[in-house]
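Enquirer: Got a structure here, written out as structure tokens. Questions coming.
Read the figures in this text as sums done on the coordinates, not as results from a lab. Because the structure is a prediction, the values reported are computed rather than measured.
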């Protein structure tokens, strides 16, 4: 078993936080939709879009890191 390098651990942590944020924003957006709160819904929609972009960048960085350094190819990335 190969130890994770610090950069991999950092990217993995960042991805976990970003995925949790996506989950939280999605729930808040659903609540806003159900409550017919158009202002909150629109604000959350923009936040969700930005967070999806961040998730894509982090996943790409994690995949590239694994490809370049082969430090943790067994984790889902």
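Enquirer: Just to be sure I understand, if you calculate Kirkwood radius over Cα pairs in Å for this structure, which of [x] 13.8; [y] 14.7; [z] 13.0 do you get?
Expert: It is the value labelled [x].
Enquirer: For helix 38-69, report the angle its Cα long axis makes with the longest principal axis of the Cα atoms of the chain; keep it between 0 and 90° and round to the nearest 10°.
Expert: 10
Enquirer: Determine the relative contact order of the chain: mean sequence separation of Cα pairs under 8 Å and six or more apart, normalised by residue count, in whole percent.
Expert: 45
Enquirer: While we're on this one: What angle do you read, to the nearest 10 degrees and between 0 and 90, between the alpha-carbon axis of helix 6-34 and the longest principal axis of the chain?
Expert: 20
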